[in-house]
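One structure is given here, and the rest of the page talks about it.
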Amino acid sequence: MNPLHIKNGRVIDPVNGTDQVRDVFLSDGRIVERLPGKAEIIEAAGKLVTPGLIDLHVHLREPGRSDKETIETGTRAAARGGFTSVVCMPNTTPAADNTGTIAFIKQRTAEGGCVNVFPTGAISKELKGEELAPIGSLKKAGVVAITDDGHCVQNNELMRRAVEYAKMFDLPVMDHCQDYNLVADGVMHEGHWSVALGLRGWPASGEDVIVARNILLAELADWHVHCQHISSARSVALIREAKKRGVKISGEACPHHFTLTDESVKTYDTNFKMNPPLRSERDRQALIEGLADGTIECICSDHAPHCSYEKEVEFDLAPFGIIGLETELALSLALVHKKFLTLPQLVEKLTVNPARLLRLNKGTLSFGADADVTIIDPDREWTYDVEQTASKSRNSPFHGWELKGKAVATIVGGKVVWRGD
Amino acid sequence: MNTTWQRKDLLGIQDLSVDEINLLLDSATAFKEVGERAVKKVPSLRGKTLVNLFIEPSTRTRTSFELAAKRLSADVINITATASSLVKGETLKDTALNLQALNADIIVIRHSAAGAPYFLSKLLKASVVNAGDGAHEHPTQALLDAFTIREKKGRIAGLNVTILGDILYSRVARSNIWLLTKLGARVTLSGPATLVPRMFEEFGCRVTYDVEEAIRDADVINLLRIQHERQRKTMFPSTGEYAALFGLSKERFARLKPDALIMHPGPINRGVEIDSDIADCGRSVILEQVTNGLAVRMAVLFLCSGGQTGEP
């Protein structure tokens, strides 16, 4: 692999407080201070050069549903979106509740993945919320966190033990916050639009009670619980208040939740059906405030591919979720263009914050760090055409959207894996 | 009135203008007269094929659409969920495309999923008529209710209409709310708080949990059945308690305005939302609603098929 010389870019590296035009050198899979000899030059004048972006919440569907996505196609979508690392969720078939599944994911990544894939392990066997999965063995197999994502552990005692147990292995516990009794058979946010559309709603409190539960258990076990895809104003407020008390709690937000509201559901388009659901304008504003004041430290896509035939059904029957890896950066940059976040703030949420949470030697351009770099044209205007996606699936509500900001090069371990025009 | 009907579909009342609603109601008046003739058939839809696609059970509405289509001389096919390929795992999309391949002109759909008619209308060239979708809309029911009110009271604007019962899960309630508020009635909703969320005030209704107050000044009372099939278990303690607190009993009936109309979209649960004798009394127009439903559905099918004049 040739050394790379990234020239004249605006380098944003929040860990080192860097925001200046300079060159970045990559050699032998590391960020280096000076090049050993000749290097391939990548001209980056007028572009941003950031640590490789990390998405800590994606579904790659392997093993089990390679008709929706594979590690190969999912990581290609990630590369096109500017992501050098993705963290995949354990709700596969079989679930990632055993070391064999983790080994399979690693093998498939080695065979066909073009970005780093970090698997998570399950909290409970078969994600059923009844018995603990072999968390210690999963850690040895290489998981970076445990979560039952797609499901939520309802039994508070089991969740408590999971948090205590994971602490031994320095593994953060991530949770999809959803009270099953309150959410029941809801298909969208409960509010004005669910009432108008006659669709069964689920209240924001169905998320909030579990966020509150997680705060209390994080306090009890003195260990880190990370609340996945936070969507409600009250959840943001709960996390903000708990952090002030020093509780080891954190949260993430998805572009669709800070971009869209439940009003979008009015056409019954199933690409607006996700879990958690699109919520009210007040919730959307609160998420942006939470991102701006640091309450929510990560942005992720919750990339959830589904076959078109599965989505082309009655709203009640459609599966939850949308693809998001290719639109995430532009939708997030919109927060910068609209001056809700500074560029370094945004870059933090897509790099060093997830890296720190998951203890990865990534998310920075410090010398010696892994040579994962993303080059971004923040002002590039483009139209998202879902037919051009690298993902196997097409379930995006952002098809046809005019977006601003795009990754133009994605570099993983010193190798260029995606180069845009 | 110069409004002409431009829609191929009737998906809901919420999308309609006041003029469109009035055009439908006026056309229904003409079609009602057809139903009273010795020969109850007109050739308006001769050569057209109508499919009744009923994915959720229904007697009244399906029969009414079938008869309406036959009186307009259309050919009618009835498909019910249990007798269709849907039970073999076929999707609604594929079922609908197959019907289109047979050159069906009008698809009347009843479905337990809200929005299903919208899904079909985007997919098909055929006209799509919503015969009830989940808890969303039941536009022909609201039209026949309005037709009945107009016939009995001579107007809709300014009337006090109280809808009593399970509002949350009711498509009839929603379509009635859109229609009556558009036409200037004052709509009051009442029932258990778990089934009548305050949120409905955002749609221009009054919500009260004091049933006596809700019915006192009503010119029309529309009683709704408890939609057990759509409810979660914990919405109220028992039908006995419901009947005691919210049922239209003889005592409550005695306190109504003397000319208040009693309406119900059916099927009625005697002794729950309505006292059995009241259902059959002279001020109950429940069966006239059924008769008017036929006229309204003839008007809907006629207009959605391109009939322009509003006359058969």
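Read-outs throughout are calculated quantities, based only on the coordinates presented, and are distinct from any laboratory measurement. Just so you know, these numbers come straight off a predicted model, no measurement behind them. Here Cβ is always computed from backbone atoms with ideal geometry, including for glycine, and neighbour counts include all displayed protein chains.
Using only Cα atoms, tell me the angle between helix A:233-244 and the longest principal axis of chain A; keep it within 0 to 90° and round to the nearest 10.
The helix A:233-244 is inclined about 70 degrees to chain A.
Output the direction-averaged projected area (hull surface divided by four) of the convex hull of the alpha-carbon atoms of the stretch B:139-290, in nm². Intermediate values should be presented prior to the final figure.
Numbers: hull surface 31.6 nm².
Over all viewing directions, the stretch B:139-290 projects a mean Cα-hull area of 7.9 nm².
Can you tally the net charge around A:Glu402? Count Lys and Arg as +1, Asp and Glu as -1, for every other residue whose Cβ sits under 14 Å from the Cβ of A:Glu402.
Values: positive: A:Arg380, A:Lys404, A:Lys406; negative: A:Asp379, A:Glu381, A:Asp385.
Neighbourhood net charge equals 0.
Using a 10 Å cut-off around each Cβ, can you sort B:Arg37, B:Arg7, B:Arg62 from fewest to most neighbouring Cβ atoms? Intermediate values should be presented prior to the final figure.
Working: B:Arg37 10, B:Arg7 13, B:Arg62 18.
Going from least to most buried by this count: B:Arg37, B:Arg7, B:Arg62.
Counting other beta carbons within 10 Å of each residue's own, what order do A:Trp382, A:Trp193 fall into, fewest first? Don't jump to the answer; show the numbers that get you there.
Details: A:Trp382 15, A:Trp193 22.
Neighbour counts put them in this order, fewest first: A:Trp382, A:Trp193.
Distances over 19 Å make up what percent of all Cα-Cα pairs in the stretch B:119-188? Spell out each step's value before the answer.
Numbers: 922 of 2415 pairs.
Beyond 19 Å sits 38 percent of the P(r) for the stretch B:119-188.
Under 22 Å Cα to Cα from B:Lys152, which lysines show up? Leave out anything in the same chain fewer than 8 places away.
Leaving aside lysines fewer than 8 places away in the same chain, those within reach of B:Lys152 are B:Lys32, B:Lys182, B:Lys257.
Treating the angle as unsigned and between 0 and 90°, give the value, to the nearest 10°, between the Cα long axis of helix B:139-153 and the longest Cα principal axis of chain B.
For helix B:139-153, the angle is close to 60 degrees.
Averaged across A:196-204, how many Cβ atoms of other chains sit within 10 Å of each residue's Cβ atom?
6
Kirkwood Rh, Cα Rg: Rg to Rh for the protein assembly as shown? Numbers along the way, then the final one.
Working: Rg = 29.8 Å, Rh = 28.3 Å.
The Rg/Rh ratio comes out at 1.06.
Mind checking the stretch A:166-268 for trypsin sites (Lys or Arg not before Pro) that DSSP puts in a loop (not H, G, I, E or B) and that have at most 13 other Cβ atoms within 10 Å?
Working: sites: A:Lys167, A:Arg200, A:Arg213, A:Arg234, A:Arg240, A:Lys243, A:Lys244, A:Arg245, A:Lys248, A:Lys266; in loops: A:Arg200, A:Arg245, A:Lys248.
Filter output for the stretch A:166-268: A:Arg245.
Please give every one of the aspartates and glutamates within straight-line cross-link reach of B:Lys41, meaning a C-alpha to C-alpha distance under 15 Å, and leave out same-chain neighbours fewer than 8 residues apart.
B:Glu33, B:Glu66, B:Asp75, B:Glu311
HN-Hα J couplings of the stretch B:21-31 from phi, Karplus 6.51/-1.76/1.60, θ = phi - 60°, integer Hz, Gly and Pro as x?
4, 5, 4, 4, 5, 5, 4, 4, 4, 5, 6
Relative to the Cα centre, what is the charge dipole magnitude of the protein assembly as shown, using +1 at the beta carbon of each Lys and Arg, -1 at the beta carbon of each Asp and Glu, and rounding to the nearest 20 debye?
Working: 87 positive and 92 negative charges, 125 e Å.
Roughly 600 debye, rounded to the nearest 20.
Looking at the stretch B:199-245, which trypsin sites (Lys or Arg not before Pro) are DSSP coil and have at most 12 other C-beta atoms within 10 Å of their C-beta?
On the way: sites: B:Arg206, B:Arg216, B:Arg225, B:Arg230, B:Arg232, B:Lys233; in loops: B:Arg225, B:Arg232.
Sites meeting the loop and neighbour criteria: B:Arg232.
Taking amide hydrogens as modeled 1.01 Å from N in the peptide plane, which residues meet the under 5 Å criterion relative to A:Phe118, leaving out close sequence neighbours?
The answer is A:Val86, A:Val87, A:Cys88.
At a Cα cut-off below 17 Å, give the aspartates and glutamates reachable from A:Lys38, other chains included and same-chain residues fewer than 8 away excluded.
Hits, sequence-local ones excluded: A:Asp23, A:Asp28.
Given the convex hull over the Cα atoms of chain B, what projected area results after averaging over all orientations, in nm²? Intermediate results must be reported in sequence, preceding the final value.
Working: hull surface 63.1 nm².
Dividing the Cα hull surface by four gives the mean projection, 15.8 nm².
Please tell me the relative contact order of the stretch B:139-290 in percent, rounded to the nearest whole number, where contacts are Cα pairs under 8 Å and at least six residues apart. All intermediate terms of the calculation are to be shown ahead of the outcome.
Numbers: 266 pairs, mean separation 35.8, N = 152.
Contact order relative to length: 24 percent.
What average number of partner chain Cβ atoms lie no more than 10 Å from the Cβ of the residues making up B:108-115? Don't skip to the answer; put the middle values down first.
Values: counts 0, 0, 0, 2, 3, 10, 11, 13.
Average per residue, whole number: 5.
Which whole number gives the average, over all residues in A:311-322, of C-beta atoms from other chains lying within 10 Å of the residue C-beta?
Values: counts 0, 6, 6, 15, 9, 7, 5, 1, 0, 0, 0, 0.
Counting Cβ atoms of other protein chains within 10 Å of each residue's Cβ and averaging gives 4.
Can you pick out the pairs among A:Lys392/B:Lys93; B:Lys48/B:Lys88; A:Lys311/B:Lys70; B:Lys93/B:Lys125; A:Lys311/B:Lys122 whose Cα atoms lie more than 25 Å from each other?
Values: A:Lys392/B:Lys93 21 Å; B:Lys48/B:Lys88 29 Å; A:Lys311/B:Lys70 36 Å; B:Lys93/B:Lys125 13 Å; A:Lys311/B:Lys122 15 Å.
Over 25 Å apart, Cα to Cα: B:Lys48/B:Lys88; A:Lys311/B:Lys70.
Based on the Kirkwood radius over alpha-carbon pairs, what is the Stokes-Einstein translational diffusion coefficient of the stretch B:1-97 at 4 °C with 1.567 mPa s viscosity, in µm²/s? Intermediate results must be reported in sequence, preceding the final value.
Working: Rh = 15.7 Å.
It comes out at roughly 83 µm²/s.
What number, in percent, do you get for the relative contact order of chain A if the mean sequence gap of Cα pairs under 8 Å and at least 6 apart is divided by its residue count? Show your work: numbers first, answer last.
Details: 1064 pairs, mean separation 84.2, N = 421.
With pairs under 8 Å counted, the relative contact order is 20 percent.
Working from Cα positions, state the angle (0 to 90°, nearest 10) between the long axis of helix A:205-221 and the longest principal axis of chain A.
70
Return the inverse of the average 1/r over all pairs of distinct C-alpha atoms in the stretch A:100-230, which is the Kirkwood hydrodynamic radius, in Å to one decimal.
On the way: mean 1/r = 0.0629 Å⁻¹.
Kirkwood radius, the stretch A:100-230: 15.9 Å.
Tell me, in nm to one decimal, what length is gained between B:Glu33 and B:Glu241 on full extension, where the rule is 0.36 nm per residue of separation less the Cα-Cα distance? If you can, show how the numbers build up before the last one.
Numbers: separation 208, 0.36 × 208 = 74.88 nm, distance 4.35 nm.
My answer for the length gained is 70.5 nm.
Can you give me the orientation-averaged projected area of the convex hull built on the Cα atoms of chain A, in nm²? Intermediate values should be presented prior to the final figure.
Numbers: hull surface 73.2 nm².
Approximately 18.3 nm², given one-decimal rounding.
How big is the stretch B:65-128 along each principal axis, measuring the range of its Cα positions in Å and listing the largest first?
The principal-axis extents, from largest down, are 34, 25, 24 Å.
How do A:Trp401, A:Trp418 line up, fewest other C-beta atoms within 10 Å first?
Working: A:Trp401 16, A:Trp418 24.
Least to most surrounded, the residues fall as A:Trp401, A:Trp418.
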